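Below is one structure; the comments refer to it alone.
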Amino acid sequence: MADDAPSSLDLMRRIFQAEMSREIHQIMERHTRTTLMPAIENLRRNGHVVDEVVLNGLYCNILEAAKKPYLKEPEPVLPVNGNGFIDINSQEAENNLKRGYESDESDVSVISHSSDAKRRRGRPRKDEEA
């Protein structure tokens, strides 16, 4: 029996790992058949070799990308001035305080925010035309 929560949960994971791995394998095979097969066939028609080594590399990349949401990122460390307060004038503080993501021109949010026409929400006022 494990002494703490992480050890106990890891023991449970080890018990069910084979079943979970089998389910993940089935998901990967399904996506290969439904989503990736047209691309694989197209690559093969154009003379590219798409063998088990290539597919296993692809699967490893998929799994690496899938685990990123579960990795905890370290909290940003804000610089403190001599009085013990956060130094808001430093460049480091400005960089660490940025929130959200920076979009590029291909981002869908650019399209949704670039429209000049404003949508109205709710019911129109009585004095406005329908």
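A straight chain from R14 to K68 at 0.36 nm per residue would run longer than the Cα-Cα distance by 17.3 nm.
At the residue level, E64 shows approximately 100 square angstrom of accessible surface with a 1.4 angstrom probe and all protein chains present. For segment 6-18, backbone phi angles converted through the Karplus equation (6.51, -1.76, 1.60; θ = phi - 60°) give residue-by-residue couplings of x, 5, 5, 5, 5, 4, 5, 4, 4, 5, 9, 4, 4 Hz, Gly and Pro being listed as x.
The values are calculated or read from the model by the stated rules, or taken from the named source; none is laboratory data. Since the structure is predicted, the reported quantities are computational estimates derived from the model, not experimental observations. Just the protein is used for accessible areas: all its heavy atoms, side chains included, with ligands, DNA and RNA removed. Shrake-Rupley method; radii C 1.70, N 1.55, O 1.52, S 1.80 Å.
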